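The values are calculated or read from the model by the stated rules, or taken from the named source; none is laboratory data. This is a predicted model, so every value here is computed, not measured. All Cβ positions, glycine included, derive from the backbone under ideal geometry; neighbour counts span all protein chains shown.
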Amino acid sequence: MKSLRVAGTVGDLPTVTFGSRSLMWWGTLGFMVIEGWTTAIILAAYLYIRQNYETWPPLRTPYPSLLIPTINLALLLLSIIPAVFVARAAKRLDERRLKRWLVVLSVACLIPLVIRWWELWALNTRWDTTAYGSAAWTIVGFHTSLLLLDVIDTLGLTLFYFIKPMPVKSFSDASDNSFYWYFTVGGWVVIYLIVYVGPRIL
Amino acid sequence: MHSVFDPASPQARAVAHLWWWMFGVGAAVWLAVMAAMLLSLRRRRAVRGPDELMQPAPGMDSHIERVVKAATFVTVLILIGFLAFDFSIGRILAQQPVDPLTIELTGHQWWWEVQYANQDLSQRIVTANEMHVPVGQPVRFILRSRDVIHSFWMPNLTGKRDLIPGYQSTIWFQADTAGTYRGQCAEFCGLQHAKMALTIIAQPKAQYQLWYAAAVSAQTEPADSTLLYGQRIFMTSGCSVCHAISGTQAYSTVGPNLTHFKSRTLIASGTLPNTRENVARWVLNPQAIKPGTQMPPSPLSTDQLSALVTYLETLK
Amino acid sequence: MRNAFLILVAIACAGCEREERRLNQPSPPAPTQFVAQVPLQPGPTFVATATEAPFDDNAYGTSEGERLFSQMNCVGCHAHGGGSMGPALMDDQWIYGSDPSQIFASIAEGRANGMPAWKYRLTNEQIWQIVSYVRSLSALTPKGARPSRSDQMMVKPAPAQTPNAKPKRSGPPGGAGH
Amino acid sequence: MTGPNTNRTLPVEATVAEDDIERDARALETVWGERPGFWSWLTTVDHKTLGKRLIVTAFLMFIAGGIEAALMRAQLSRPENSLIGPDRYNQLFTTHGTTMMFLFAVPIMTAMGLYFVPLMIGARSLAFPRLNAFGYWNFVVAVVFLYVSLFVNTGPDVGWFAYVPLSGPQYSPGHRVDVWAQVVTFTEISALCGAVNVIVTAFKMRAPGMTVNRIPIFVWAQLVVAFMIVFAMPAVATGSTLMLATDRAVSMHWFNPSEGGDALLWQHVFWFFGHPEVYIIFLPALGMITPIIETFCRRKVFGYTPIVMANITTAFFAFGLWVHHMFATPIPELGQSLFTAASILIAIPTGIQIFCWLATMWISRPQLTVPILFVLGFLFTFVNGGITGVMLASVAFDKQAHDTFFVVAHLHYVLLGGGVMPLFGAFYFWFPKMTGRKLSETLGKWHFWLFVIGVNVTFFPMHILGLEGMPRRVYTYLADTGWGPLNLVASIGAATIAISVLLFVINVIVTMRRPVNAGANPWNSSGLEWSVASPPPSYNFLYAPLVESRHPLWDISVDLPVLTGFRTDRREVLVTTTFSAQPDSRHEGPTPSIWPLYLALCMGVVFIGSIFSPWFVLGGVGLSVIGLAGWGWTGSKPSGHERVSTPAAMPERA
């Protein structure tokens, strides 16, 4: 082994960082890219299926109803507000305010998940009638699994903050969770436009 | 037998031409790379030899850089040339045939249904696994599939084209030299994908007209009692449930059409020569020859079987 | 630990059984004993036990049955199981009983009002395959072996997705109907 | 990049005292070390242990795939052979394809990355060690599930590409294709976890001073491949799980032509993944060749930048040519010729890399050790495969050669020649680093010559067979087709390959019995991985090495510059900025945990259960919620001495 020459020290480097300086942020970004790309592929398949039909949605298949989906979309967009406050509180390391906004965020993201059940049936078609129904159900179903995963993360984080002492780096995780929530909501806006509004236009 | 190397149609000849050019240039490139590799070992060192680092010599580096740039440029040139050559061949294949003979080919699990389309219904021919085509006249195939994806390919005549359920694709060629050409399904389609062959017999126009007239003519009615007994066995036991013989009560389209069965050279989708002993062996237990095929073994006694085969032999 | 291993072996054998492609094997024999439809019968009374259809838990056999069901034009009278001229095959009403031997008899011998006899047209193996497919239409066979959706139009829920049929006594007492 | 203490002036140089090194080494060993025993075997998160385990498991899959290939060659050695029936043969060739592509090639290439990327960039561990463990256990579930299914006669039998409608619900009764769909899903999860790990490690945890143009080419190849995995695997994961499995399980109509579905949709989705997949296998192999050539030519590789640019260009082109697998389908001619152009252009970047290697060997005096022999074998075999690949790019010729044994010959030349030969060379080159023992050269040479001869004797005749009309995936052929003799030659070649791989296994077993005497840098190579002991200690680097050039060990005369100051009472890794690799922060790595294994088993319950009934899916999700809670709980233990870097930085908490 060659002898070692000290060329500097890392002792005074911070151990908790936020945003793109932290590893967890990059991991979250990685999975957002994967899930975003999977959604893009299914949407591409949805539009590919569109070529096989003269009319879209196919004959005798009603348009997806817009009432419940629009309400759910609004709720999802509104839930970005608590997410922003969670991120801000996390960056200020203000645990009290973080806990409060985490509870608001948990509720704000649980409601759309529950409404999603009626939103699925708002497609007005079953998954096993036509390829149109299959495609619509697959896309909304896949996003529901993303939504479920993120709701579990948020609820878990909130629960942990109330029942156990949390390390400082969990603040960074909280801001990453909000970052992931923006993606989930953003992804739904695209799906909403193509699957619910699209049939009236395509 | 059948291969890309001896083409019998302008299409296959164009591709063979492209192949031999690619093979030549490819072999030359490969030999050049091998030569460069072996020559680069001319100053190799013993494994245990001194291993001091070789500092990059500026003179040598700039020289070798020019060589690498040149090599890359030559590679790009070869590839662009090859691309242009391929497009020219592609255009030959993409020309539309002028008044072609149209044959509808439908792929089933493990046999080919052939239909010579014709407005006049009496001139239509429905047969299986074997086709006669006139030499010198373009033949256009309309390809459909009833179950899974198959692929129509006659190496001597033209490239392959998939038969995909939900799609109707077409391919055409013009046989130049007469002969019997064999092809096989080229897309994996299940248990008996290996034995799903078809035969195309290219004949001069006169012979083709003779064959066509015979193929359209009515079957000869069975004359003596054994033939009648054979036909009755065909009609009453399981045969007529799947097979059809035009001019008789058997009209089911589940299995291959057996009209003029004896005029075919091979049976069981190109698996066995059409001899009496093979037909008997096949009818008795097709599962032994093509396990998994949809034709069940037949519970016939020996004399019933011989009567049936005798009757089948009259279907010239 | 031992019985966990036994359960695993049982699942494995079920897997084996369900996935087996019985190619080039002798045709399973026709049933000799038929479960009685009516309790009245001459001579000493006996109650035949339910017979076991050879392809009930074999996915390949049942799918061959589905192929034969459409190729032999059973669809012409029974539709895709919903019934039209012929009786419906998806419900739990069985005029001649739902035991495999009874269905085999219905197909081989034929029944009144137009059901043709297939005894000389189809081999025993093919009839047994159709028997298993017909029983899978009303979810009497194990779920794993029942066919999923077909590549035709979606006219009925796929047998594999219909819940298992509750055992219901069918026809007069003594009918198997399991 | 923001950061409180970038490029402060470095203190005056002082060498690290000998006893400081001893003390730190002992302390770090206790913190990072693995306790022996079965529990720690299950809960390990050390990237080296998991890397070696993944390499061994994937190599066992190579042997399993090889046995299947041997059985297939035995059946095809004579016309009308009755050794194996059609049903068994279909299962064999499908499992051979699936095993080699999904369970051997991609995993072993990512495993080499997961093992060596941290070592080569001077990091102590991967960015997400538990995610790496989760990826490995998913892979094990896939292996167990496929091979248990194969032995209960439920092996997939529709080809490794599973074209619909043959693999659809009507023409594939039973659960054979469901097994294939779920095995593919597991390997996708495993590959994606590996890819995210490699990307984040290579971006954020490089040694200080390792700027973007000092990253070793092996790491560049793994990074580019990780991005390809991220964009390719979702396509087949969508296709197999969200489309094919749902078509079969809940009667969706993605591929049902009668209800608006489309058989070609599957081919598009599958090959959009399929072609990048073969480059995911091929690019890491190219990344292994450069260090081997550098070490045994005793010279820095000629053209570092062209090689890196070639890797990136290949990755982009790889996504633009999947339709060349579908030239025989009724896709319009213009579309097909676009893909001909793309398929031809992708040969250029690989050509540039080969020219750079030849140039390096030309202007140096190479030592013909076994690793470089395998590189020569690579050049001999792969260039042949590459040229046939360019031929297959032409629509006209592909119509004659598609789905024939010509393509079988091409793919084996590029996969065995282009992938497995560099991999064997890499084994011989890095085996001393992984185990501390050098593989025997004589056995290595026998293995090399038998392998190269075996590959060429087996697969060259297949070019001729293919052009003589022999289609792929046939369990037998008629005698009068005239294909008998060449198939017999191919079968003899296959036996030669089997012997050569057997020799390699013997070589490994014999070598593992010898004492650990290889030393840190047996080949006098230049990478950072050669600066640590062999086998490397659990914490890899005692102190963060300071990198000042592309070849650290060759350019440093006396002693290695390092950055000290790490805490030795917890698992600390250095996080650096993405482009200039300036030290940015310290991150506490996770300790061994059982939750990755638990969650992988939950994934098993969800996906394998979904074949039998949807209730398994709900049960599995419920179980995995417990897993996520456990994962989060152990991950968030408060530790007293955290120093926060935010605009309103709070003082260090006691």
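So, restricting to helices (runs of 4 or more DSSP H) that lie completely within the range B:143-253, which ones have at least 1 residues that are more than 18 Å from residue B:271 (Cβ to Cβ) and among the aromatic types (Phe, Trp, Tyr)?
Details: elements: B:205-216, B:225-236, B:239-242.
Counting at least 1 such residues, we get B:205-216, B:225-236.
Tally up the residues in the range D:251-271 that are farther than 12 Å from residue A:49 by Cβ, hydrophobic (A, V, I, L, M, F, W, C) and surrounded by fewer than 24 Cβ atoms within 10 Å (Cβ to Cβ), please.
1
Might you let me know whether the range C:63-71 holds any residue that is basic (Lys, Arg), within 14 Å of chain D (Cβ to nearest Cβ), over 16 Å from residue C:103 (Cα atoms) and part of a loop (DSSP other than H, G, I, E, B)?
No.
Pairs, please: C-beta under 8 Å, at least 6 apart or cross-chain, first residue closer than 18 Å to residue D:565 by Cα and facing chain D (nearest Cβ under 7 Å) and in the range A:11-27, second hydrophobic (A, V, I, L, M, F, W, C) and buried (at least 22 other Cβ atoms within 10 Å of the Cβ)?
A:11/D:566; A:13/D:574; A:16/A:171
Of everything in the range D:283-316 that's surrounded by 24 or more Cβ atoms within 10 Å (Cβ to Cβ) and of a type in the set (Phe, Trp, Tyr), which residue is nearest to residue A:45 (Cα to Cα)?
Only one residue fits best here, namely D:302.
Please determine, by comparing only the residues of the range D:634-654 that are under 32 Å from the mean Cα position of the chain (by Cα) and more than 7 Å from every other protein chain (Cβ to nearest Cβ), which one is modelled with the lowest pLDDT.
D:635
Taking the range D:355-375 as the search range and keeping residues that are hydrophobic (A, V, I, L, M, F, W, C) and more than 7 Å from chain B (Cβ to nearest Cβ), which one is surrounded by the fewest Cβ atoms within 10 Å (Cβ to Cβ)?
That would be D:373.
Being aliphatic (A, V, I, L, M) and more than 28 Å from residue A:88 (Cα to Cα) is the filter; apply it to the range A:116-149 and report the residue that is farthest from the other protein chains (Cβ to nearest Cβ).
Of the residues in the range A:116-149, the ones aliphatic (A, V, I, L, M) are A:120, A:122-123, A:131, A:135-136, A:139-140, A:146-149.
Checking which are more than 28 Å from residue A:88 (Cα to Cα) leaves us with A:120, A:122-123, A:131, A:135-136, A:139-140.
Details: A:120: 13, A:122: 19, A:123: 13, A:131: 4, A:135: 7, A:136: 11, A:139: 9, A:140: 12 Å.
Once the filter is applied, the top-ranked residue is A:122.
Starting from residues that are in a helix (DSSP H, G or I) and free of Cβ contacts under 8 Å to residues at least 24 places away in the same chain, keep the ones in the range B:254-279 and report whichever is nearest to residue B:293 (Cα to Cα).
Per the stated criteria, the residue is B:278.
Being over 28 Å from the mean Cα position of the chain (by Cα), within 20 Å of residue C:27 (Cβ to Cβ) and touching a residue at least 60 places away in the same chain (Cβ under 8 Å): is that true of residue B:292 here? Please lay out each step first, then the result.
Details: over 28 Å from the mean Cα position of the chain (by Cα): no; within 20 Å of residue C:27 (Cβ to Cβ): yes; touching a residue at least 60 places away in the same chain (Cβ under 8 Å): yes.
The answer is no for residue B:292.
Among the residues of the range D:155-181, what is the count of those that are within 11 Å of chain C (Cβ to nearest Cβ) and among the polar types (S, T, N, Q)?
Number satisfying all stated conditions: 2.
Sort out which residues of the range B:45-100 are within 17 Å of residue D:358 (Cβ to Cβ) and charged (D, E, K, R), and write them in order of number.
B:61, B:65, B:66, B:69
When you go through B:262, B:205 one by one, which is the residue that is loosely packed, with under 15 Cβ neighbours inside 10 Å, in contact with a helix residue (DSSP H, G or I) (Cβ under 6 Å, 6 or more places away or on another chain) and more than 14 Å from chain D (Cβ to nearest Cβ)?
B:262
Go through (1) more than 22 Å from residue D:340 (Cα to Cα); (2) facing chain D (nearest Cβ under 7 Å); (3) not in a loop (DSSP other than H, G, I, E, B) one by one and return the number of the condition residue B:66 breaks.
Result: residue B:66 fails condition (2) only.
Quick one: which residue in C:71, C:93 is surrounded by fewer than 20 Cβ atoms within 10 Å (Cβ to Cβ) and under 29 Å from residue B:242 (Cβ atoms)?
C:71
Among the aliphatic types (A, V, I, L, M), part of a loop (DSSP other than H, G, I, E, B) and under 17 Å from the mean Cα position of the chain (by Cα): is that true of residue D:60 in this structure?
Numbers: among the aliphatic types (A, V, I, L, M): yes; part of a loop (DSSP other than H, G, I, E, B): no; under 17 Å from the mean Cα position of the chain (by Cα): yes.
It is false that residue D:60 is among the aliphatic types (A, V, I, L, M), part of a loop (DSSP other than H, G, I, E, B) and under 17 Å from the mean Cα position of the chain (by Cα).
If you take the residues in the range B:295-316 that are assigned to a loop (DSSP other than H, G, I, E, B) and of a type in the set (Gly, Ala, Ser), which one is farthest from the chain's Cα centre (by Cα)?
Among them, the one singled out is B:301.
Let me spell it out: the conditions are (1) aromatic (Phe, Trp, Tyr); (2) under 21 Å from residue D:33 (Cα atoms); (3) facing another protein chain (nearest Cβ under 9 Å), and residue D:595 meets all of them except one. Which number is the exception?
The one condition residue D:595 does not meet is (3).
Kindly check whether there is at least one residue in the range B:82-101 that is more than 8 Å from chain D (Cβ to nearest Cβ), touching a strand residue (DSSP E or B) at 6+ places or on another chain (Cβ under 6 Å) and in a strand (DSSP E or B).
yes
Does residue D:67 fit the bill of being free of Cβ contacts under 8 Å to residues at least 24 places away in the same chain and within 26 Å of residue D:105 (Cβ to Cβ)?
yes
Quick check, is residue D:475 in contact with a helix residue (DSSP H, G or I) (Cβ under 9 Å, 6 or more places away or on another chain), buried (at least 21 other Cβ atoms within 10 Å of the Cβ) and outside any helix (DSSP H, G or I)?
Values: in contact with a helix residue (DSSP H, G or I) (Cβ under 9 Å, 6 or more places away or on another chain): yes; buried (at least 21 other Cβ atoms within 10 Å of the Cβ): yes; outside any helix (DSSP H, G or I): yes.
Criteria met by residue D:475.
When the range C:49-68 is examined, which residues are found to be over 11 Å from residue C:147 (Cβ atoms), surrounded by 24 or more Cβ atoms within 10 Å (Cβ to Cβ) and among the polar types (S, T, N, Q)?
The one that is over 11 Å from residue C:147 (Cβ atoms), surrounded by 24 or more Cβ atoms within 10 Å (Cβ to Cβ) and among the polar types (S, T, N, Q): C:58.
Go through the range D:224-236 and count every residue that is more than 7 Å from chain A (Cβ to nearest Cβ), over 16 Å from residue D:156 (Cβ atoms) and free of Cβ contacts under 8 Å to residues at least 60 places away in the same chain.
Total meeting the criteria: 1.
Return the residues of the range D:72-87 that are surrounded by fewer than 18 Cβ atoms within 10 Å (Cβ to Cβ) and part of a helix (DSSP H, G or I); say none if nothing qualifies.
D:74, the sole residue that qualifies.
Just the residues that are within 27 Å of residue D:198 (Cα to Cα) and in a helix (DSSP H, G or I), please, taken from the range D:575-605.
Selection gives D:595, D:596, D:597, D:598, D:599, D:600, D:601, D:602, D:603, D:604.
Scan C:101, C:136, C:106, C:150 and give me the residue that is small (Gly, Ala, Ser), within 14 Å of another protein chain (Cβ to nearest Cβ) and within 13 Å of the chain's Cα centre (by Cα).
Being small (Gly, Ala, Ser), within 14 Å of another protein chain (Cβ to nearest Cβ) and within 13 Å of the chain's Cα centre (by Cα) holds for just one of C:101, C:136, C:106, C:150, which is C:136.
Go through B:9, B:3 for me and flag whichever is small (Gly, Ala, Ser), more than 8 Å from every other protein chain (Cβ to nearest Cβ) and either more than 22 Å from residue D:362 (Cβ to Cβ) or in contact (Cβ under 8 Å) with a residue 40 or more places away in the chain (or both).
Just one listed residue meets the conditions, B:9.
Does at least one position in the range B:166-178 carry a residue that is in contact (Cβ under 8 Å) with a residue 40 or more places away in the chain, within 13 Å of chain D (Cβ to nearest Cβ) and farther than 25 Å from residue D:165 by Cβ? Please lay out each step first, then the result.
Kept after step one, since they are in contact (Cβ under 8 Å) with a residue 40 or more places away in the chain, are these residues of the range B:166-178: B:172-178.
When the remaining residues are screened for being within 13 Å of chain D (Cβ to nearest Cβ), the result is B:172-173.
If we keep only those that are farther than 25 Å from residue D:165 by Cβ too, we end up with B:172-173.
Yes, there is a match, as at least one residue in the range B:166-178 is in contact (Cβ under 8 Å) with a residue 40 or more places away in the chain, within 13 Å of chain D (Cβ to nearest Cβ) and farther than 25 Å from residue D:165 by Cβ.
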